[in-house]
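What follows is a structure written as structure tokens; I'll ask about it next.
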Amino acid sequence: MKLIVLLGDAAVGKMTVGQELMKITDLRLFHNHMSIEPVIEVFGYFKASTIQRLREVIFEDFAASGSYGMIFTMMMAFDMQSDWDYLTHVTGIFKKHNADVYYVELFAPQDVRLQRNATENRLTHKPSKRSIEESNQRLIRDDNQHRCVSYDGEITFEHYVKIDNTDISAEIVAKMIKERFSL
């Protein structure tokens, strides 16, 4: 069992890279909006506790399934202990089942991410992002309130890579990840 955690700021390309990585490996993709969007649809708003419970079931069952592995995407605020704790919790579920865990951090400047925030693929899979103006404001606000790019040397995980995907296609990034971790 393998868990690939794709970390990064809003609209950096985590889902798109995950989609490409799934195409060239036996990994399955569970991007964060796969749990967010149904909850918003049912409740009419973002209900964190329900999203977390839904994810827990998927993580526990998948980790115990004997499948090859999962790609999970996570927007990470490196300045928030709660995000570090959540990352530890999620990876712990998989490690309990002897999974190998790999961490990939993607980063790109805000102007690039604002362009990506309005791509067809993103809007197709993330209905809550379809109000581009509101989504852009949230992205800028998050950038101002949190540090969503790690400092050099801050991440000391054994299997970790940081990729500036500003000018690299999702397909190439996926190939880089596959080769780096022999997936």
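What do you get for trypsin sites (Lys or Arg not before Pro) in the range 135-172 restricted to DSSP loop and a cutoff of at most 16 other Cβ within 10 Å of the site's Cβ?
For trypsin sites (Lys or Arg not before Pro) across the range 135-172 that sit outside H, G, I, E and B with at most 16 neighbouring Cβ atoms in 10 Å, the list reads Arg147.
Once amide H atoms are built 1.01 Å from N in the peptide plane, which residues 5 or more positions from Leu3, or in another chain, come under 5 Å H to H?
Met70, Asp100, Val101, Tyr102
Sticking with this one: According to the square roots a ≥ b ≥ c of the eigenvalues of the Cα gyration tensor, what is the shape class of the range 41-92, taking rounded for a/c under 1.5, prolate for a/b larger than b/c otherwise, and oblate for the remainder?
Oblate, because a/c is 1.5 or more while a/b does not exceed b/c.
Between Asp26 and Glu179, what's the calculated FRET efficiency when r is the beta-carbon distance and R0 is 22 Å? Round to 0.05.
E(calc), rounded to 0.05, equals 0.90.
Could you tell me which GluC sites (Glu not before Pro) in the range 106-180 are loop residues by DSSP with no more than 13 other beta carbons within 10 angstrom of their beta carbon?
Loop-located and lightly packed - Glu154, Glu158.
Are there chymotrypsin sites (Phe, Trp or Tyr not before Pro) in the range 1-110 that DSSP puts in a loop and that have at most 14 other Cβ atoms within 10 Å, and which ones?
Answer in residue order: Tyr45, Phe46, Tyr68.
Pairs of lysine in the chain with Cα under 15 Å and at least 8 positions apart or on different chains: total?
13
Let me ask you something else. Residues of the range 94-113 with amide nitrogen under 16 Å from the 7 Å Cα-to-Cβ point of Ser169?
Taking a point 7 Å out along Cα→Cβ of Ser169, no residue of the range 94-113 has its backbone N under 16 Å.
If you put +1 on each Lys and Arg Cβ and -1 on each Asp and Glu Cβ, how big is the dipole of the chain around its Cα centre, in Debye rounded to 20?
Around 400 debye, computed over the chain.
Continuing with this model, one more query. Assign one of three labels to the range 65-140, namely rounded, prolate or oblate, based on the Cα gyration tensor with a ≥ b ≥ c the square roots of its eigenvalues; rounded applies when a/c is under 1.5, prolate when it is not and a/b is larger than b/c, and oblate otherwise.
prolate
Starting from the Cα gyration tensor of the range 13-105, take the square roots of the eigenvalues, sort them a ≥ b ≥ c, and report rounded, prolate or oblate (rounded when a/c is under 1.5, otherwise prolate if a/b is larger than b/c, else oblate).
rounded
Only the coordinates and a few stated rules stand behind these numbers; no lab work does. Everything numeric here is computed off the predicted structure, so don't read it as measured data. Note: ideal-geometry Cβ built from the backbone for every residue, glycine included; neighbour counts use all protein chains shown.
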